[in-house]
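Each reported figure results from applying straightforward, stated rules to the coordinates on display, with no laboratory input. Please read all numbers here as calculations on a predicted model, not as lab measurements. Backbone-built Cβ (ideal geometry, glycine too); neighbour counts: all protein chains shown.
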């Protein structure tokens, strides 16, 4: 039954995504935030399908910690689930992503219309400069900037190395860093086709204000809070 539900979800996703890609491309003349509000309908549709087809529900803790101004969302990366769910929980947002994702048929084309900060990791310092420059631009437009500090998905219960790019952006822009923990990997694992029914809990920590802090300290606080909170989740 779990396999069948996962298959039905995958088939519906394959049908719906090209439609939303066309909608995304047609939003090109609009303001970036208006484009985002339209395109993020895809994520809301996927969350609905996950609940109805796969039996995956969501619980959010700490929503009161989301600031009223643009912020940096530094999130644990275990699954594809959080890339969808963050769009429901947080205000208009852009992601820091690998440039290669924009080359994916349909999904990547639609993603390009959401004003992401698309970097090439192999460029090292230039990638960091691009992150800082474009990240500040997106914050000024009114977007939150979503960064996965571990850089890639890790299996549930594992811990990747937290890269400092997000903390550098917080330090240089003055935008608060919001740590986000969750346990999505228990139900929808890293690169997994199978999606098990149940409740995924997302926990949002208190804002880390960068005033008076160096990037290394911001990064350490984010990592400690996320990894401690993950262990507390059911």
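Sort 113, 1, 231 by Cβ crowding within 10 Å, fewest neighbours at the top.
Values: 113 20, 1 7, 231 10.
With the fewest neighbours first, 113, 1, 231 line up as 1, 231, 113.
If packing is taken as the average number of other Cβ atoms within 10 Å across a peptide's residues, how do 72-78, 100-106, 139-145 rank, most packed first?
Numbers: 72-78: 26.0, 100-106: 12.3, 139-145: 19.0.
Packing proxy ranking, top to bottom: 72-78, 139-145, 100-106.
Pop out the Kirkwood hydrodynamic radius of segment 2-232 from its pairwise C-alpha distances, inverse of mean 1/r, in Å to one decimal.
Working: mean 1/r = 0.0557 Å⁻¹.
Roughly 18.0 Å, rounded to one decimal.
Can you tell me the equivalent ellipsoid semi-axes for segment 102-166? Use √(5λ) from the Cα gyration tensor, largest first, whole Å. Numbers along the way, then the final one.
Values: eigenvalues 85, 59, 33 Å².
Semi-axis lengths for segment 102-166 are 21, 17, 13 Å.
For segment 181-213 and segment 21-90, write down the distance between their C-alpha centroids in whole Å.
The distance from the Cα centre of segment 181-213 to that of segment 21-90 comes to 13 Å.
Tell me, 188, 48 in order of fewest to most beta-carbon neighbours within 10 Å?
Details: 188 25, 48 11.
Fewest to most other Cβ atoms nearby, the residues stand as 48, 188.
Among 128, 226, what is the fewest-to-most ranking by other Cβ atoms within 10 Å?
Working: 128 16, 226 23.
Fewest-to-most ranking of 128, 226: 128, 226.
For segment 135-190, what D do you get in µm² per second when you plug the Kirkwood radius from alpha-carbon pairs into Stokes-Einstein at 10 °C and 1.306 mPa s?
On the way: Rh = 12.8 Å.
Rounded to a whole number, D works out at 124 µm²/s.
In vacuo Debye scattering of segment 1-131, one point per C-alpha: log10 I(q)/I(0) at q = 0.12, 0.19 Å⁻¹?
-0.54, -1.26
Quick one: work out the % antiparallel among DSSP beta bridges in segment 2-232, nearest 5. Before the final figure, lay out the partial values.
On the way: 4 of 23 bridges.
Just about 15 percent of them are antiparallel.
If contacts are Cα pairs under 8 angstrom and at least 6 residues apart, what is the relative contact order of the chain in percent?
On the way: 409 pairs, mean separation 64.1, N = 234.
With pairs under 8 Å counted, the relative contact order is 27 percent.
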